Amino acid sequence: MSAAITSLASYGSDSDSENESESSTSTEKVDPVDSDATAHLKPLQPGHTMSLAVLNSAPEVAVKEAVETGIHLDPSLKEVAFNPTYETMFAPEFGPMNPYKSQQMAAPRNMLSGYAEPAHVNDFMFEQQRRTFSSYGYALDPSVDTHEASSCSYIGAVDEAEKNKGLTVFESGQKKPEKRKKIKGGDAGEIDNFLGPWAKYIDEKDVAKPSEEEQKELDEIIAKRQKKGRNEEEAPGEEKTILHVKDMYDYQGRSYLHVPQDVGVNLRSADAPDKCYLPKKQIHVWSGHTKGVSAIRLYPSSGHLLLSCSMDCKIKLWEVYGERRCLRTFIGHSKAVRDICFNNSGTQFLSAAYDRYLKLWDSETGQCISRFTNRKVPYCVKFNPDEEKQNLFVAGMSDKKIVQWDIRTGEVVQEYDRHLGAVNTITFVDENRRFVSTSDDKSLRVWEWDIPVDFKYIAEPSMHSMPAVTLSPNGKWLACQSMDNQILIFGAQNRFRLNKKKIFKGHMVAGYACQVDFSPDMSYVVSGDADGKLNIWDWKTTKLYHRIKAHDKVCISALWHPHETSKVITCGWDGQIKLWD
C-alpha cells in the first residue's frame, strides 16, 4: 500500500522525465526485449516505485518518421515494426522495370482492376442523371466538379445540353400555359357562337338526319346484317347418301352390317388375342376423302367395318376385310365433321360437325334420323354405353358445357357446366357409371352420370391440355395425349391418380389431338404424331419400340384392331386411311 502511494506521489515528477526519455529514445533502435515493456508482468517489489504509464497502457509502437519519408518497404518483408503511411506501403518498387508487363498492368492501380477515382453520388442524383441521359442524351460528368457548370461538365449530346441550359427531366423548361381567365359577371359575349352555360351553340343541330345517299348505304348495311343472321339460323343442309356397292343385300338378304365368318378370325368372340406383335408393313390404303380425315371408328364388337369422318364434310363407311371397298357415303354437314360415335349395336351413329349440328344416322340405310343443335360447335360426342341408356348421348361443346340429349324427344335433358374452356373429350369409365372429360382449361374432371357437379377435379400447374383420351381394354387406365409431347396414364378406378412410372415420350404432337390406342393384350401403346409417323411403345417398359412413316401430313389417329394380333389402322390429314400388319 505504501509503495502504491509513493508511486502516485511521484507521478507528476516522473511523467515529464518519462516523456523526455521516450522522445529521446524514439529515434533509437528498439531492443528486442524492452525491460519497461515487461515490467508490468513482474510482481511489485517492496519499496520499488513504477510509473502509471508503464502499468496502465499497452506497449507503444514507435513511429519512425525518417523511415516513412526516406526508406521504402521491402516487398518480401513479412513483419513491419512500425506504422507506415499509405504512400509508403503503395510506393513503386525499386529496381529494373519488368519488360513483360502490359501497358494496363504497368499503369498506376489502387485496386485489382485498375484505378478508381473517389466519387459519391446519392441515389436521387444518379437516377436524375440516368433519366436525363436516356431522355435528352446528355448528363453531368461525374468526374468534374458540378459547381463549375460549363460545356465541359456534360457528357453525351453537349449541344443539346447547352440548348436546354442543362435542364434535367425533373425540371421543366417550358412555361405552363396560362389559366383561362374567368369571365366576370357571366358575360358570354366574348365566346363565339356561345349563348350561355346551359344554352346551345348558334349553329348546333338537334338531329343529324342522313342525306339520301347516306340513307341508302345504311339500308344496304342493315340488310346485309339481317341476311347474315338469317343464314346462321337457316335449317341444316339437305342430307343424302350414296351407296357404292351394286347390291345392298346378299343372296340371303343380309346387309353389309352382318358380321362375316370367313375372314380367318372369329369376329364374334369377345376374347382378345393372347399375344400381339408389332406391325411392319402397309397392306392397304383406303382413299376417297378429298381432305384430311378427322376421326376413324371401328364397328362395335366385331370391327369388320370402319367409319371415317373428314374435313370434306363427308362420312364414309368402309370394309375392313374382303375387298375393302367403300360401302356408303353420308352427306349432310355443311362444314368439316369433327367426331363420330357408334351406338352399342352399330345400327346407328352420331356425327358432330363445325356447322353446329349433331346428326343421328342409320348405318344401314344412310338415312338421317334426327338433328340436334344448341347453336354452339360440338367438339366431341359419345353415346352412353349402358344398354339401358342407349337413347342418351353427351356432347362436349365450344361454350365450355357438356350437353346431354335424349334421342327420343330431341331435347336437352342435362347440362354439365363446370369447365373453364372448350370441352375436348368425353370417356366413360367404371362400368359406365361415370365419365371423364378434358378441356382447353388444362384440367381433367370426373362426373357421376346425370349429376351436373364434378366430384373429382384434377389440375396441376405442370399439366397441359389433353385433347385425346382413350380407355385401356381392361378398363383400368386412361391414356391422355398431353400437349407437352407426352402420353400420360391416369388410373380409371377410384382415385384417378397420375401413374408417374408410365409416361410415354419421344413423339411430337404439340398442337394436334392425335388419338392414342392400346393393343388388345395391353402389350403396346400406339399413337400418331405431327410428322405423320406411327409410334409404338412397350406398355411395361415405356420404351419407344417402333416408328413408321405412315402419312405425308399429321397422323391424327391410330386404332389397333380388337380381334387381330398386329393390324393397326391409321388416318391422316393427307386424306388417306391405311392398314398396317
When segment 289-311 is examined, which residues are found to be open to solvent by 40 Å² or more (accessible area, probe 1.4 Å) and more than 22 Å from GLU387 (Cα to Cα)?
-> THR290, LYS291, MET311
Cβ-Cβ under 7 Å pairs, at least 6 apart or on other chains, segment 493-515 side within 24 Å of LEU534 (Cβ to Cβ), far side open to solvent by 70 Å² or more (accessible area, probe 1.4 Å) | MET508/ASP531
For segment 216-229, indicate whether the set of residues that are open to solvent by 100 Å² or more (accessible area, probe 1.4 Å), farther than 30 Å from GLU319 by Cα, at pLDDT below 75 and under 44 Å from the mean Cα position of the chain (by Cα) is non-empty.
-> yes
May I ask you to list the residues in segment 514-548 that are open to solvent by 40 Å² or more (accessible area, probe 1.4 Å) and out of contact with any Leu (no Cβ under 8 Å at 6 or more places or on another chain)?
-> ASP531, LYS533, LYS540, THR541, LYS543, LEU544
Which members of segment 407-420 meet the condition of being assigned to a strand (DSSP E or B) and surrounded by 21 or more Cβ atoms within 10 Å (Cβ to Cβ)?
-> TYR416
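Table: residues versus (1) among the aromatic types (Phe, Trp, Tyr); (2) under 25 Å from VAL436 (Cα atoms).
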| residue | (1), (2) |
| --- | --- |
| ALA468 | no, yes |
| CYS480 | no, yes |
| GLN493 | no, yes |
| TRP537 | yes, yes |
| ALA550 | no, no |
| LYS567 | no, no |
| TRP573 | yes, no |
How many of the residues making up segment 301-329 are in contact (Cβ under 8 Å) with a residue 40 or more places away in the chain and assigned to a strand (DSSP E or B)?
-> 14
Quick count over segment 84-131, residues being in contact with a Gly (Cβ under 9 Å, 6 or more places away or on another chain) and outside any loop (DSSP other than H, G, I, E, B), is 1
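Looking only at residues that are more than 26 Å from THR88 (Cα to Cα) and exposed (fewer than 10 other Cβ atoms within 10 Å of the Cβ) in segment 104-128, which one is modelled with the lowest pLDDT?
HIS120
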Only one of VAL80, VAL144, VAL54 is more than 22 Å from VAL158 (Cα to Cα), modelled with pLDDT under 80, surrounded by 10 or more Cβ atoms within 10 Å (Cβ to Cβ) and of a type outside the set (S, T, N, Q), namely VAL54
Report yes if some residue within segment 506-528 is small (Gly, Ala, Ser) and part of a strand (DSSP E or B); otherwise report no.
-> yes
Tell me which residues, restricted to segment 312-340, are of a type in the set (Val, Ile, Thr) and open to solvent by 20 Å² or more (accessible area, probe 1.4 Å).
-> ILE331
From the residues in segment 230-242 that are part of a loop (DSSP other than H, G, I, E, B) and modelled with pLDDT of 80 or more, which one is least open to solvent (accessible area, probe 1.4 Å)?
-> GLU239
Give just the number: which of (1) of a type outside the set (D, E, K, R); (2) open to solvent by 20 Å² or more (accessible area, probe 1.4 Å); (3) assigned to a strand (DSSP E or B) does PRO562 not satisfy?
-> (3)
Kindly indicate whether PHE383 is in contact (Cβ under 8 Å) with a residue 24 or more places away in the chain, out of contact with any Pro (no Cβ under 6 Å at 6 or more places or on another chain) and not charged (D, E, K, R).
-> yes
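Residues to consider are TYR321, TYR299, TYR277; find the one that is aromatic (Phe, Trp, Tyr) and over 42 Å from the mean Cα position of the chain (by Cα).
Checking each option against the conditions leaves just TYR321.
The values are calculated or read from the model by the stated rules, or taken from the named source; none is laboratory data. If you're wondering where the values come from, they're calculated on a predicted model, not measured in any experiment. In this analysis, Cβ positions are derived from the backbone assuming ideal geometry, glycine residues included, and neighbour counts consider all displayed protein chains. Heads up: the accessible areas ignore ligands, DNA and RNA and are worked out on the full protein's heavy atoms, side chains in. Shrake-Rupley method; radii C 1.70, N 1.55, O 1.52, S 1.80 Å.
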